[in-house]
Amino acid sequence: MNKPKILLTRRWPEAAEVRLKELFDVCLNLDDQPLSTGQLQEALGQYDAVLPTVTDAFTAEVFNAEPLRTKILANFGVGYNHIDLEAAKARGITVTNTPDVLTDCTADIAFGLLLAVARRIGEGERIVRAGQWKGWRPNQMLGSKVTGKTLGIIGFGRIGQAMAKRAHFGFDMPVIYYTPHPPSPALCAQFGASPRDSIEAVLQEADFVSLHCPGSKANRHLINAERLALMKPSAYLINTARGDVVESEALVQALKNQTIAGAGLDVYEGEPNLHPDFLELNNAVLVPHFGSATTETRIAMAMRVIDNLIAFFNGEEPGDKVI
């Protein structure tokens, strides 16, 4: 029996690629560059399964591909807003993702960004590397204390809860949150987290606001100029969710005008082509969408994809089926 033919749209850690090749007939994207609309359409006609990442835009146009061979998109990542689910469903294509395994590393990066922007770590490193540091002085690069400050979380799923855990147990931070799907009171009590009835309430009260909501049409520009204006001038915004959850131009202006004190960003609207003004802002800490970028996590994500593929081609329902 022939092995299912698989396209890996971006390179994986070597150990994960080796395992994938043991099980399937695998084609690698050796250039490791995002595929075009035309290339994705061709893939749907040539492979039994395509393994996309966030860089692959599976739009309704892509799903118009003829002929159609692909039966499953086994996504490498927990977010799937780059896949038009309605169009996939209409063509009878199963979509899976990789939840759970990237929770801790993403929360680690979110809290790292929080510390970096509050304590001006990125700015300080640039000064040292440029040879501009002239020695210690009392008023040098004063930032904001983190311990004991209030953390507001928008979206209280796995990653939001992991962020709350770090804040509560590590930094004695009161935690408030807004989510449309509240967890149990007992779970919230573990992290000293208390709900608010609106995003606006969280923004007005928090010293740090961390975004952990999914990317979707409904959440596009969830944080806009009006909502940024509700935040304290001393408050900071952290985004490790999806870039278009925040309106870039509005955030740039809020940082320039000191409407808020700073921002820590791992994701960007239109990435990798982020708003150029971010590069000129010392009160923005910018990292390249690497929240889950540890060897352990990326291998675990790949193995989760493989588990979903094995189940699917064995005629079983994949454990991480989205549609």
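Things to note:
- Considering helices alone, the calculated mean residue ellipticity of the chain at 222 nm is -9500 deg cm²/dmol, with DSSP H runs of length four and up weighted by -39500 (n - 2.57) and normalised per residue.
- Label-to-label distance, nm, for residues given as Phe290 and Gln253 (7 Å Cα→Cβ offset): 3.3
- Share, in percent, of DSSP beta bridges within the chain that are antiparallel, nearest 5: 5
- Placing R0 at 45 angstrom, the Cβ-Cβ distance between Arg119 and Ile310 gives a FRET efficiency of 0.50 after rounding to 0.05.
- Qualifying aspartates and glutamates (Cα of each under 19 Å from Cα of Lys321; at least 8 residues distant if same chain): Asp48, Asp56, Asp84, Glu86, Asp100, Asp307
- 3J(HN,Hα) couplings calculated from phi for the range 139-144 with the Karplus curve 6.51 cos²θ - 1.76 cosθ + 1.60 (θ = phi - 60°) are, in sequence order, 9, 6, 6, 5, x, 10 Hz; Gly and Pro show x.
- Each listed q (0.08, 0.14, 0.16, 0.18 Å⁻¹) maps to a log10 I(q)/I(0) for the range 103-286, found by the Debye formula over equal Cα scatterers with no solvent: -0.24, -0.72, -0.94, -1.18.
- Between the range 241-290 and the range 51-103, the alpha-carbon center distance in angstrom: 27
- Leu28 paired with Glu66, simple spin-label distance in nm, labels 7 Å along Cα-to-beta-carbon: 3.6
- Two-decimal Rg to Rh for the chain - Kirkwood Rh, Cα set: 1.01
- Relative contact order (percent, whole number), the chain, Cα cutoff 8 Å, 6+ residue spacing: 17
- Here the dipole of the range 6-159 is about 1120 debye; that uses its Cα centre as origin and unit charges on the Cβ of Lys and Arg (positive) and Asp and Glu (negative).
- The protection proxy used here, the mean number of other Cβ atoms lying within 10 Å of each residue, ranks peptides 38-48, 111-121 as follows, highest first: 111-121, 38-48.
- Those aspartates and glutamates that a straight Cα-Cα span of less than 20 Å connects to Lys145, excepting residues fewer than 8 apart in one chain: Asp108, Glu123, Glu125, Asp172, Glu205, Asp207
All of the numbers you see were taken from the coordinates with simple rules; none came from a lab. This one's a predicted model, so the numbers in the text were calculated from it and none came from an experiment. We place every Cβ from the backbone using ideal geometry, glycine too, and count neighbours over all the protein chains shown.
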